[in-house]
1. Evaluate the stretch 74-82: report whether one residue or more is touching a residue at least 12 places away in the same chain (Cβ under 8 Å), out of contact with any helix residue (DSSP H, G or I) (no Cβ under 6 Å at 6 or more places or on another chain) and farther than 17 Å from ASN132 by Cα.
2. Going through SER256, SER162, SER173 one at a time, which residue ends up being of a type in the set (S, T, N, Q) and modelled with pLDDT of 95 or more?
3. If only one of ASP205, ASP232, ASP213, ASP174 is touching a residue at least 24 places away in the same chain (Cβ under 8 Å), buried (at least 22 other Cβ atoms within 10 Å of the Cβ), under 22 Å from ASN34 (Cβ atoms) and not aliphatic (A, V, I, L, M), which one is it?
4. Pairs needed: first member in the stretch 125-147, in contact (Cβ under 8 Å) with a residue 24 or more places away in the chain and over 18 Å from GLU164 (Cβ atoms); second member anywhere, among the hydroxyl-bearing types (Ser, Thr, Tyr) and in a helix (DSSP H, G or I); C-beta distance under 8 Å; at least 6 residues apart or different chains.
5. Can you name the residue in the stretch 78-109 that is hydrophobic (A, V, I, L, M, F, W, C), in contact with a Ser or Thr (Cβ under 8 Å, 6 or more places away or on another chain) and assigned to a loop (DSSP other than H, G, I, E, B) and, of all such residues, is nearest to VAL300 (Cα to Cα)?
6. Can you name the residue in the stretch 311-330 that is more than 16 Å from ALA212 (Cβ to Cβ) and in contact with an Asp or Glu (Cβ under 9 Å, 6 or more places away or on another chain) and, of all such residues, is surrounded by the most Cβ atoms within 10 Å (Cβ to Cβ)?
7. Go through ALA8, ALA58 for me and flag whichever is closer than 18 Å to GLN101 by Cα, in contact (Cβ under 8 Å) with a residue 12 or more places away in the chain and of a type in the set (A, V, I, L, M).
Amino acid sequence: MKILVTGAAGFIGFHLTSRLLKEGHEVVGVDNLNSYYTPSLKLDRLAELGITTTLGKAGKIIKSQSQPSLSFVEADIADRVFMPALFKTEQFDSVVNLAAQAGVRYSLENPFAYVESNVVGFLNILECCRHNSVEHLIYASSSSVYGSNAKTPFAESDEVNSPESLYAATKRSDELMAMCYAKLYGLRSTGLRFFTVHGPWGRPDMAPMLFADAISAHRPIKLFNGGDMERDFTFIDDIVEGVVRVITTQPIATESDRPHAIYNIGSSRPVILGEFIAELEAQLGCKAERESLPMQAGDVKRTYADTSLLEQRFGYRPTTSLHDGVKAFIDWYKNYKLTDI
């Protein structure tokens, strides 16, 4: 199968691309390599896949030196000239759209970046798919669409009409646009609501990396809401396993005859933040200093995934314990030594 992975230099995109290549698929990766966080980490991920490149080579397709079935191009999914041309030339069987402006708090500072990438960019992907007979579009949504819902665990049938952040609103917009294209054009699509992904090569703006950096440098870690938070931490390998299963199974039509589906993808085991920190402390061999701060705008107190639909349809069940996942992350962290982040 020939698959386009957008956001291929990102955390999930990198791991998914690696897995798809091992499964024997042909992959074209796209990423705009923006500076939301240090591009050097993104370039290092690409180097692990045999892609040697530097910033500023937009539009140039680069072949992997170690993976014959992989090529990469620096491009923005909102580019309404380059992306349609790429789709027309490559004729993808499936598309996995992971490209997005991430981060809840940053959406308070730079809202236009979220609309440009997550809404305009996603619309461009939808248009490219429908005009090039793509068989299946899989796209990243987020647990943030559930907002501060009091009912847990969060189920796909719950109301998602009260987002706590612009980031969440853009992700819900993606779901609605995909539903519309499924109805109007028969575009088969599946949205995956990711729950707090962690593991090696993770993003430096997320808690695991922020905490590991602070603990290693003997700086206080910032605990919002005094640390009274729970997250459904899900190890990256479990996430990728779920995505791969979805890629190979097209969605069935719903009662409204829309070939579109949405699934939660998480561990279904919410973890108190203090427990996660304790695992980091044990693996790093030092105690964390704590700085208690109030709840941040856009944050939610708890996330908890009901993954029964994904399990029923695809046999998906996460298998990595918190301990094993944190150990894998810290083993990588110690080796990589992210001193520049």
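1. Yes; the residues of the stretch 74-82 include at least one that is touching a residue at least 12 places away in the same chain (Cβ under 8 Å), out of contact with any helix residue (DSSP H, G or I) (no Cβ under 6 Å at 6 or more places or on another chain) and farther than 17 Å from ASN132 by Cα.
2. Details: SER256 fails: modelled with pLDDT of 95 or more; SER162 fails: modelled with pLDDT of 95 or more.
None of the others qualify; the one that does is SER173.
3. Values: ASP205 fails: buried (at least 22 other Cβ atoms within 10 Å of the Cβ); ASP232 fails: under 22 Å from ASN34 (Cβ atoms); ASP213 fails: buried (at least 22 other Cβ atoms within 10 Å of the Cβ).
Result: ASP174 is the single residue among ASP205, ASP232, ASP213, ASP174 that is touching a residue at least 24 places away in the same chain (Cβ under 8 Å), buried (at least 22 other Cβ atoms within 10 Å of the Cβ), under 22 Å from ASN34 (Cβ atoms) and not aliphatic (A, V, I, L, M).
4. The qualifying pairs are LEU126/TYR181; CYS129/TYR181; ARG130/TYR181; ARG130/TYR185.
5. Start the filter on the stretch 78-109 by keeping residues that are hydrophobic (A, V, I, L, M, F, W, C), which leaves 78, 81-83, 85-87, 92, 95-96, 98-100, 102, 104, 108.
The next check asks that each one be in contact with a Ser or Thr (Cβ under 8 Å, 6 or more places away or on another chain); those that pass are 78, 95-96, 98-100, 104, 108.
Subsequent filtering for residues that are assigned to a loop (DSSP other than H, G, I, E, B) retains 78, 98-100, 104.
Values: ALA78: 29, LEU98: 23, ALA99: 23, ALA100: 20, VAL104: 10 Å.
Filtering the stretch 78-109 for residues that are hydrophobic (A, V, I, L, M, F, W, C), in contact with a Ser or Thr (Cβ under 8 Å, 6 or more places away or on another chain) and assigned to a loop (DSSP other than H, G, I, E, B), the one nearest to VAL300 (Cα to Cα) comes out as VAL104.
6. PRO318
7. On the way: ALA58 fails: closer than 18 Å to GLN101 by Cα.
Being closer than 18 Å to GLN101 by Cα, in contact (Cβ under 8 Å) with a residue 12 or more places away in the chain and of a type in the set (A, V, I, L, M) holds for just one of ALA8, ALA58, which is ALA8.
The values are calculated or read from the model by the stated rules, or taken from the named source; none is laboratory data. Given the structure is predicted, the values throughout are model-derived calculations rather than measurements. Heads up, the Cβs are rebuilt from the backbone with ideal geometry, glycines too, and the neighbour counts pull from every protein chain shown.
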